[in-house]
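J.: Sharing a structure with you now.
The values are calculated or read from the model by the stated rules, or taken from the named source; none is laboratory data. No experiment lies behind these values; they were computed from the predicted model shown. Cβ placement follows ideal geometry from the backbone for every residue including glycine, while neighbour counts extend to all protein chains displayed. Accessible surface is based on the protein model in full, side chains and every heavy atom, while ligands, DNA and RNA are left aside. Shrake-Rupley method; radii C 1.70, N 1.55, O 1.52, S 1.80 Å.
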Amino acid sequence: EDQVTQSPEALRLQEGESSSLNCSYTVSGLRGLFWYRQDPGKGPEFLFTLYSAGEEKEKERLKATLTKKESFLHITAPKPEDSATYLCAVRNTGNQFYFGTGTSLTVIP
Amino acid sequence: DTAVSQTPKYLVTQMGNDKSIKCEQNLGHDTMYWYKQDSKKFLKIMFSYNNKELIINETVPNRFSPKSPDKAHLNLHINSLELGDSAVYFCASSQDLDTDTQYFGPGTRLTVL
């Protein structure tokens, strides 16, 4: 069965302390892997789509990478405003979407 | 302007009642979705509509029925509400079925007592 597992469940960082979030996936046929940001009480906000192993995408302090089994979201020198839950999702070749349960990131000033 | 909007924001109701959640998108997108997010933040797709036709129904109980009066609206009707239906429901849209980027609404928190 296709599934997505994210780790850690929660992460606390000091402002400026870089780290990575992990997304492991099992999928029958990968069409795309997505990263979303979700703030409390709001809907997910799209960040990146990755389609093939070796692909990388960057946006400000965030960088997403993809291998055949997992994706990483690297956060460089985070700021308090980066605090949010980060969701990973996959879309298989049957056009079905599967989301992970997210990593709750807290950046302390 | 809000791209994807939902009403109501909060919905509290008794078991057995019937309720509806409305969703509207002003992006001109062809495809709309309904998701359920449980207390553990697990987001699961329920339905998708493309040009007013149901494309995916992820084994959701038939108490849940999506209705799309036009391309910009996808409403969710829930009959005979159960305690387990308590969750946050999100509407989303994408340009079309082939476009992966989805835009989510703010969510509707449903509480069944």
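J.: Sort out which residues of the stretch B:55-68 are under 13 Å from the mean Cα position of the chain (by Cα), open to solvent by 40 Å² or more (accessible area, probe 1.4 Å) and either under 15 Å from residue A:96 (Cβ atoms) or hydroxyl-bearing (Ser, Thr, Tyr) (or both), and write them in order of number.
T.: Scanning the stretch B:55-68 gives a single hit, B:57.
J.: Does the stretch B:39-71 hold any residues that are under 30 Å from residue A:86 (Cβ atoms) and hydrophobic (A, V, I, L, M, F, W, C), and which are they?
T.: Within the stretch B:39-71, the subset under 30 Å from residue A:86 (Cβ atoms) is B:39-50, B:55-60, B:64, B:66.
Passing the criteria: B:42, B:43, B:45, B:46, B:47, B:55, B:56, B:60, B:64.
J.: So, in the stretch B:1-45, of the ones that are more than 11 Å from chain A (Cβ to nearest Cβ), part of a strand (DSSP E or B) and among the aliphatic types (A, V, I, L, M), which residue ends up surrounded by the fewest Cβ atoms within 10 Å (Cβ to Cβ)?
T.: B:12
J.: Check whether at least one residue in the stretch A:26-35 is farther than 27 Å from residue B:93 by Cβ, among the small types (Gly, Ala, Ser) and more than 11 Å from every other protein chain (Cβ to nearest Cβ), and report yes or no. Break it down stepwise before answering.
T.: Our first condition is that a residue be farther than 27 Å from residue B:93 by Cβ; within the stretch A:26-35, this holds for A:26.
Going one step further and asking which of them are among the small types (Gly, Ala, Ser), we end up with none.
Within the stretch A:26-35, not a single residue is farther than 27 Å from residue B:93 by Cβ, among the small types (Gly, Ala, Ser) and more than 11 Å from every other protein chain (Cβ to nearest Cβ).
J.: Quick check, is residue A:69 out of contact with any Lys or Arg (no Cβ under 8 Å at 6 or more places or on another chain), among the basic types (Lys, Arg), away from chain B (no Cβ under 14 Å) and open to solvent by 60 Å² or more (accessible area, probe 1.4 Å)? It would help to see each step written out before you state the result.
T.: Working: out of contact with any Lys or Arg (no Cβ under 8 Å at 6 or more places or on another chain): yes; among the basic types (Lys, Arg): yes; away from chain B (no Cβ under 14 Å): yes; open to solvent by 60 Å² or more (accessible area, probe 1.4 Å): yes.
In short, yes.
J.: In this structure, is residue A:44 free of Cβ contacts under 8 Å to residues at least 60 places away in the same chain, within 14 Å of chain B (Cβ to nearest Cβ) and out of contact with any Phe, Trp or Tyr (no Cβ under 9 Å at 6 or more places or on another chain)?
T.: Values: free of Cβ contacts under 8 Å to residues at least 60 places away in the same chain: yes; within 14 Å of chain B (Cβ to nearest Cβ): yes; out of contact with any Phe, Trp or Tyr (no Cβ under 9 Å at 6 or more places or on another chain): no.
For residue A:44, the condition - free of Cβ contacts under 8 Å to residues at least 60 places away in the same chain, within 14 Å of chain B (Cβ to nearest Cβ) and out of contact with any Phe, Trp or Tyr (no Cβ under 9 Å at 6 or more places or on another chain) - is not met.
J.: Could you please find all residues in the stretch A:82-95 being surrounded by fewer than 16 Cβ atoms within 10 Å (Cβ to Cβ) and either within 9 Å of another protein chain (Cβ to nearest Cβ) or within 19 Å of residue A:11 (Cβ to Cβ) (or both)? Walk me through it before giving the result.
T.: So in the stretch A:82-95, the residues surrounded by fewer than 16 Cβ atoms within 10 Å (Cβ to Cβ) come out as A:93-95.
Residue satisfying the conditions is A:95 alone.
J.: Those residues that are of a type outside the set (A, V, I, L, M), surrounded by 13 or more Cβ atoms within 10 Å (Cβ to Cβ) and in a loop (DSSP other than H, G, I, E, B), I need them from the stretch A:23-50; list them, please.
T.: A:42, A:43, A:44
J.: Continuing with the same structure: Answer with yes or no whether residue A:101 is modelled with pLDDT under 95, under 14 Å from the mean Cα position of the chain (by Cα), within 27 Å of residue B:46 (Cβ to Cβ) and open to solvent by 10 Å² or more (accessible area, probe 1.4 Å).
T.: Values: modelled with pLDDT under 95: yes; under 14 Å from the mean Cα position of the chain (by Cα): yes; within 27 Å of residue B:46 (Cβ to Cβ): yes; open to solvent by 10 Å² or more (accessible area, probe 1.4 Å): yes.
Against the criterion (modelled with pLDDT under 95, under 14 Å from the mean Cα position of the chain (by Cα), within 27 Å of residue B:46 (Cβ to Cβ) and open to solvent by 10 Å² or more (accessible area, probe 1.4 Å)), residue A:101 qualifies.
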